[in-house]
1. Select, from PHE182, PHE143, the only residue that is loosely packed, with under 14 Cβ neighbours inside 10 Å and either over 18 Å from the mean Cα position of the chain (by Cα) or β-branched (Val, Ile, Thr) (or both).
2. Pairs, please: C-beta under 6 Å, at least 6 apart or cross-chain, first residue more than 17 Å from LEU83 (Cα to Cα) and in the same structural domain as ILE218 (by TED's automatic domain parsing) and in the stretch 170-181, second within 15 Å of the ligand (Cβ to nearest atom) and in a loop (DSSP other than H, G, I, E, B)?
3. Take LYS32 and decide whether it is charged (D, E, K, R), more than 19 Å from PHE243 (Cα to Cα) and outside any helix (DSSP H, G or I).
4. If a residue must be within 17 Å of ARG133 (Cα to Cα) and of a type in the set (A, V, I, L, M), how many such residues does the stretch 21-44 contain?
5. List the pairs whose first member sits in the stretch 28-48 and is in contact (Cβ under 8 Å) with a residue 40 or more places away in the chain and of a type in the set (Asp, Glu), whose second member is in a loop (DSSP other than H, G, I, E, B) and within 8 Å of the ligand (Cβ to nearest atom), and whose Cβ atoms are under 6 Å apart, counting only residues at least 6 apart or on separate chains?
Amino acid sequence: MFKKNKNFYTDVYGFFVLKKKLSKKRIETIFKLLRVDGTFKTTFDNRMFDINKKLLKYLNKFFSRKVMICDFGISSGQSTFELFVDLGKSKIKNIYGFDKQIYFQLYKFKKFIFLFSLNKDLLMVEYDKYCLRYRYFYIFKKFEKILFHILSFMKIKFVISKVLVKDFDKIDKFKFFEQDIFNIDKKYYNLFDVVRVSNLLNYTYFSEVELKKAISNIKKISKENSVVLVSKTKNKKKNVGSFFRKKSGKFELLEDFNGGSEIKELML
Ligand SMILES: C[S@@+](CC[C@H](N)C(=O)[O-])C[C@H]1O[C@@H](n2cnc3c(N)ncnc32)[C@H](O)[C@@H]1O
């Protein structure tokens, strides 16, 4: 029925529900194909070791007490876990992992798997364990709300699960919540000493107006004197980013890493 391309073998039911052990490469493929609006959950292990080391330098320089950290756009949670390890747990009071989409509802109907967010947005469709791409996916996406109602009406069983690759949320000091960077709950305002946003605030994903809105929200959740890191992993796994400090309610540049963030000017 649909052309099978081995690059799109995802088997999300096996991975998320049956907890099948998959190779790192397969797991990367799943996250590369899992979409949230115009973004994907692309992530891979040990992606930010070098830039995390630099962040640790600022942590040691500016904070003598334990800090509250926010990692925005956590995908599988793996890079948040690595941040925790790289910075050292003795320095961390809590680490909050925010993402627009952490939980999903999975419907299995014959050879189809439909993955919806809790808001009923269609995230992925599989046929016979292969992820549908391009026009095949867009056809389903166009009718996502109707599709959701049909599946509910047919009383197709569904499973609610989360995208975290391990039980990171059971680790002491870790807290994971669904939060949209464009609409953050006020209870998180003025809470964090350190905020990291990696591989989310890019021009390929968002317009300048949207990026400015996201930046103003980061400003709201970060405390005075907080450190903010905005970064992106480029081709060949090279991290580029900028470190900022919030002073008198504004971001000041501390340092550019490998040339700096593409949205640096919008931050300042
Ligand atoms: C490319 S992944 C980056 C994952 C991780 N930070 C890394 O660098 O490996 C982007 C993440 O941002 C999340 N995301 C997309 N739009 C978002 C929004 N409006 N608010 C919060 N998170 C969002 C996606 O769900 C996805 O997990």
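1. Values: PHE182 fails: either over 18 Å from the mean Cα position of the chain (by Cα) or β-branched (Val, Ile, Thr) (or both).
Sole residue among the options that is loosely packed, with under 14 Cβ neighbours inside 10 Å and either over 18 Å from the mean Cα position of the chain (by Cα) or β-branched (Val, Ile, Thr) (or both): PHE143.
2. If the second residue must be within 15 Å of the ligand (Cβ to nearest atom) and in a loop (DSSP other than H, G, I, E, B), the pairs left are GLU178/ILE102; ASP180/LYS100.
3. Numbers: charged (D, E, K, R): yes; more than 19 Å from PHE243 (Cα to Cα): yes; outside any helix (DSSP H, G or I): no.
So LYS32 does not fit the description; no.
4. So the first thing to find is which residues in the stretch 21-44 are within 17 Å of ARG133 (Cα to Cα), and the list is 26, 28-42.
Next cut, of a type in the set (A, V, I, L, M) only: 30, 33-34, 36.
Residues in the stretch 21-44 being within 17 Å of ARG133 (Cα to Cα) and of a type in the set (A, V, I, L, M): 4 in total.
5. Short answer, once both residue conditions are applied: none.
The values are calculated or read from the model by the stated rules, or taken from the named source; none is laboratory data. Just so we're clear, the structure is a prediction, and the values are computed from it rather than from any experiment. Virtual Cβ from ideal backbone geometry, glycine too; neighbours counted across all protein chains shown.
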